[in-house]
Amino acid sequence: MKKIVYTVCSANHLAHCKTMADSFILHNPSYELYIILIDRIEGRFNLSSFNDYNIIEISQLGVPNFEIMAAQYSVIELNCAMKPFVAQWIFDKHQPAILLYIDSDTWIFSSFGSVEKSLEQYDLVITPHFTNAYPDNHLLPRERDILRSGLYNAGFIAMKPSENTFSFLNWWAEHMKAECYYNFAEGMGVDQIWINLVPLLFEKVLIDTSPGLNVAYWNLHERKISESGGKYWVNNNSPLCFLHISGYQFEHPTQISRHQTRYTVADHPILQQLFMEYATKVKSNGYVLFSSIDCAYAKKKKKSRGIMKTVNQFLKPMGIKITDS
């Protein structure tokens, strides 16, 4: 049975990507791993350290209207938009029985056997950001922050081939053509906000609430990591499958994520140990080099776009609209 896991990233995230890939294959050696580079190499950097994996430039996939998307999206928006197109390409070209998508800023600690078991019954497996209410409404993230960014985390999706899955990917890809951007005032949270609709629109979708999946700053109020017998556990009884290390900055090692204010690593001492080890791995995988490389696509996206939209909303009643020159 062919099993494939893939991720997408631009060159500046390749050190994180290598760390994810190494940890995934260590615990899941039966998978083929694909890294789709939303970038162009053009002799700018060496990828010999990735020889164990399939690393492919996005231009080789023939994504329809890619140039239009690259022109309208920022780097992160473009990366997010490519997820369904890459899944379609992998299913068509390689026909895996199981296909996993995992963000490059994750760190794997155990087998995905439970997810594979779920795919015997379901076509799609997604994970919620949390399953228990936050204890307050003033520290970040708040429940309204999750509502606007998406109930489910698009950093992990498991799929198996079926008409249902292919319909989902076609639907998702269609939205990604022009509706994969950040504008919370418009209800737009890149690719992730669309996953809100998936359990309603498609069949055989499992919302997997297993505590060991997708542990991150957004669910630390309900998930405590401990170590026992050389393994890591969540809430003392669930094996830690993977950490999603979103928003962690090496220059601020005591801050779990720049996106939250609820905890420091002092509140989660195991995380302090793990994050220090993670930082060491990412740095050893070429962080200094890769993080300095500009993306060949969308590298000069205007930060003013969001401001311009806000201004145009204000001016609309007056019949005035500002556009780029």
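The values are calculated or read from the model by the stated rules, or taken from the named source; none is laboratory data. This is a predicted model, so every value here is computed, not measured. As a convention, Cβ positions derive from the backbone with ideal geometry for all residues, glycine included, and neighbour counts pool all protein chains shown. Areas reflect the complete protein model, heavy atoms only, side chains present, ligands, DNA and RNA absent. Shrake-Rupley method; radii C 1.70, N 1.55, O 1.52, S 1.80 Å.
A few comments on the model shown:
- Apolar share of the accessible surface for the chain: 52 percent from carbon plus sulfur atoms, 1.4 Å probe.
- With 31 Å as the limit, the listed pairs LYS117/LYS177; LYS18/LYS93; LYS204/LYS281; LYS18/LYS160; LYS2/LYS224; LYS2/LYS281 have LYS117/LYS177; LYS204/LYS281; LYS2/LYS224 beyond it between alpha carbons.
- Taking every C-alpha pair closer than 8 Å and separated by at least 6 residues, the mean separation divided by the residue count of the range 179-303 gives a relative contact order of 14 percent.
- Each Lys and Arg Cβ is given +1 and each Asp and Glu Cβ -1; about its Cα centre, the range 207-297 then shows a dipole of about 80 debye.
- Computing FRET efficiency as 1/(1 + (r/R0)^6) for VAL288 and ALA97, where r is the C-beta to C-beta distance and R0 is 45 Å, gives about 0.70.
- More than 26 Å apart - percent of Cα-Cα pairs taken over the range 61-210: 27 percent
- Under 11 Å, Cβ to Cβ, from ASN214 - net charge with Lys/Arg +1 and Asp/Glu -1: -1
- The range 159-235 shape via C-alpha gyration tensor axes, a/c threshold 1.5: oblate
- Rg/Rh for the range 67-144, where both radii come from Cα atoms and Rh is the Kirkwood radius: 1.05
- The convex hull around the C-alpha trace of the range 20-97, projected and averaged over every direction, spans 6.1 square nanometres.
- Value of relative contact order over the chain, rounded to a whole percent, pairs C-alpha under 8 Å and six or more apart: 23 percent
- Spacing of the modelled spin labels on LYS2 and SER167, each 7 Å from Cα toward Cβ, amounts to 2.5 nm.
- For the range 32-183, the relative contact order comes to 29 percent (Cα pairs under 8 Å, sequence separation of at least 6).
- Across the alpha-carbon atoms of the range 16-58, the computed radius of gyration and Dmax are 11.0, 33 angstrom.
- Charge dipole (Cα centre; +1 on Lys/Arg Cβ, -1 on Asp/Glu Cβ; no other charges) of the chain amounts to roughly 700 debye.
- The alpha carbons of the range 141-298 occupy a box of 43, 41, 32 Å along the principal axes, longest dimension given first.
- Inter-centroid distance (Cα atoms) of the range 88-125 relative to the range 1-74, Å: 16 Å
- The simple Förster model, with R0 at 45 Å and r as the Cβ-Cβ distance, assigns LEU140 and LYS117 a FRET efficiency of 0.80.
- From the C-alpha gyration tensor of the range 1-138, square roots of 5λ in Å: 25, 20, 17
- 12 Å cut-off, amide nitrogen to a point 7 angstrom out along THR261 Cα→Cβ, residues in the range 109-152: 137-142
- Summed over all non-identical Cα pairs, the Kirkwood treatment of the chain gives a radius of 20.7 Å.
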